[in-house]
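Student: Here it is, the structure, as structure tokens.
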Amino acid sequence: MSGHSKWANIKHKKAKTDAAKGVSFAKFSREIIISAKMGGADPAANFRLRTAIDKAKAGGLPNDTIKRAIEKGAGAGSSDNFEEITYEGYGAGGVAVFVEAATDNRNRTAGDIRSYFTKFGGNLGETGCVGWIFEPAGVVYFDKSCNYDKLFEDGIEFDIKDIEDDEDRWKVITSVENFQLTVEGYEKLGYKILESDLVRIPSNSVEIKDVDTAKKVMLLLEKLEEHDDVQNVYSNFETDDEIMEKL
């Protein structure tokens with residue numbers, strides 16, 4: 001289960017800038033609301049909520065906003081009725097795109113998502129058309145100061161799948177079922193976790209070799225990411241560094 005798509009690497013770098021601008025605040029709040037609604041308001045008993053709070057704090061979401069989102073999800077006062085929904089399709093050049101959204105208006109969101117695919121040379125498909133490409137997984141990130149061999153050796157106890165060199169971080173990959181066990185297990189051993197999340201990892205990639213097509217794919221992915229209702233965007237888009245520099 002190796003490989004990290006070009007889009008995933010770009011998202012990691014872009015997230016730091018977006019968080020600083022407050023672009024992700026609404027997304028953080030929605031995830032907290034949904035997590036609290038599904039599993040209760042206590043992070044100690046609701047691991048998804050705890051993960052959402054950690055992610056929101058790392059992104060700069062104020063504590064007061066986090067508290068209000070938890071209260072909304074738990075039913076204190078008025079609560080936004082968000083539902084989770086996914087969209088699947090193809091971008092320019094046959095690139096697979098999988099979108100996770102949280103919306104209070106399914107028709108509005110579907111219309112917007114469809115228009116983005118059409119505008120940038122792709123098409124929104126039926127459920128299942130590309131979902132099989134993206135395997136659900138847990139990822140846990142550590143600073144490079146952690147010893148790789150020790151990280152791997154300790155991870156055997158939690159049945160981790162792999163450890164990858166993710167530029168400035170180690171990325172431990174685990175199954176969804178073992179995600180909580182892995183996070184809590186490493187913490188008990190004294191490791192400092194930089195970030196952890198449930199994601200979808202593409203099992204294959206589509207390499208785009210011309211600038212115009214790569215530009216269309218990038219614009220589609222960025223437009224989807226910027227939509228308030230979209231929580232996550234996954235793609236198997238790949239291209240070389242020379243084309244990325246031109247973009």
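The values are calculated or read from the model by the stated rules, or taken from the named source; none is laboratory data. Just so it is clear, the structure is predicted and the values come from calculations on it, not from any experiment. In this analysis, Cβ positions are derived from the backbone assuming ideal geometry, glycine residues included, and neighbour counts consider all displayed protein chains. Accessible surface is based on the protein model in full, side chains and every heavy atom, while ligands, DNA and RNA are left aside. Shrake-Rupley method; radii C 1.70, N 1.55, O 1.52, S 1.80 Å.
Student: Report Tyr90's accessible area, 1.4 Å probe, all protein chains in place, as a number in Å² to the nearest 10.
Tutor: In the full protein context, Tyr90 sits at about 80 Å².
Student: What's the FRET efficiency of Glu226 with Ile156 using the Cβ-Cβ distance as r and R₀ = 30 Å, to the nearest 0.05?
Tutor: Computed FRET efficiency for Glu226 and Ile156: 0.15.
Student: Another question, then. Contour minus end-to-end for Asn63 and Asp104, with contour as 0.36 nm per residue of separation and end-to-end as the Cα-Cα distance?
Tutor: 12.4 nm is the gain from fully extending Asn63 to Asp104.
Student: Do you know the relative contact order of the chain, to the nearest whole percent, from alpha carbon pairs under 8 angstrom that are 6+ apart?
Tutor: Relative contact order for the chain comes out at 23 percent.
Student: Which ³J(HN,Hα) values, rounded to whole Hz and listed in residue order, are derived for segment 51-57 from phi using the Karplus coefficients 6.51, -1.76 and 1.60 in 6.51 cos²θ - 1.76 cosθ + 1.60 with θ = phi - 60°, glycine and proline given as x?
Tutor: 5, 5, 5, 4, 5, 5, 4
Student: Moving to a separate point now. Over the chain, give the accessible area per residue in Å² for a 1.4 Å probe, as an integer.
Tutor: Dividing the accessible area of the chain by its residue count gives 50 Å².
Student: I would also like to ask the following. For Leu194 paired with Met244, estimate the spin-label separation in nm (one decimal), with each label point 7 Å from Cα along the Cα-to-Cβ line.
Tutor: 1.5 nm
Student: Among Val95, Pro202, Phe142, which residue has its Cα furthest toward the positive end of the charge dipole of segment 85-210, with +1 on Lys/Arg Cβ and -1 on Asp/Glu Cβ?
Tutor: Val95
Student: Of (1) 11.0; (2) 12.5; (3) 13.5, which is the value of mean projected area of the Cα convex hull in nm² derived from the coordinates here?
Tutor: (3)
Student: Still on this structure, please answer the following. Ignoring everything but the protein chains, give the 1.4 Å probe accessible area of Arg48 in square angstrom, nearest 10.
Tutor: For Arg48, the solvent-accessible surface is approximately 80 Å².
Student: If you take the beta carbon distance between Ala26 and Val176 as r and set R0 to 25 Å, what does 1/(1 + (r/R0)^6) give as a FRET efficiency, to the nearest 0.05?
Tutor: 0.50
Student: Moving to a separate point now. Run the accessible area of the chain with a 1.4 Å probe and give the carbon-and-sulfur part as a rounded percent.
Tutor: C and S fraction of accessible area: 48 percent.
Student: Could you rank Met244, Met38 by how accessible they are, 1.4 Å probe, largest area first?
Tutor: Met38, Met244
Student: Next up: Per DSSP H run of at least 4 residues, take -39500 (n - 2.57); add these up for the chain, divide by its residues and hand me the 222 nm value, nearest 500 deg cm²/dmol.
Tutor: -13500 deg cm²/dmol
Student: Using θ = phi - 60° and the Karplus relation 6.51 cos²θ - 1.76 cosθ + 1.60, list the HN-Hα couplings for segment 215-228 in order, rounded to whole Hz, with x at every Gly or Pro.
Tutor: 5, 4, 5, 4, 5, 4, 5, 5, 5, 5, 4, 6, 5, 4
Student: Enumerate the amide H contacts of Ala41 below 5 Å, restricted to partners 5 or more residues apart or on another chain; note that Pro and chain-start residues carry no placed amide H.
Tutor: Distant-sequence amide H within range of Ala41: zero hits.
Student: From the Cα gyration tensor of segment 38-158, with a ≥ b ≥ c the square roots of its eigenvalues, which class applies: rounded if a/c is under 1.5, or else prolate if a/b is larger than b/c, or else oblate?
Tutor: Because a/c hits 1.5 or more and a/b fails to exceed b/c, segment 38-158 counts as oblate.
Student: Please work out how much accessible surface Arg106 shows to a 1.4 Å probe, ignoring ligands, DNA and RNA, in Å² rounded to 10.
Tutor: Counting only protein heavy atoms, the figure is 110 Å².
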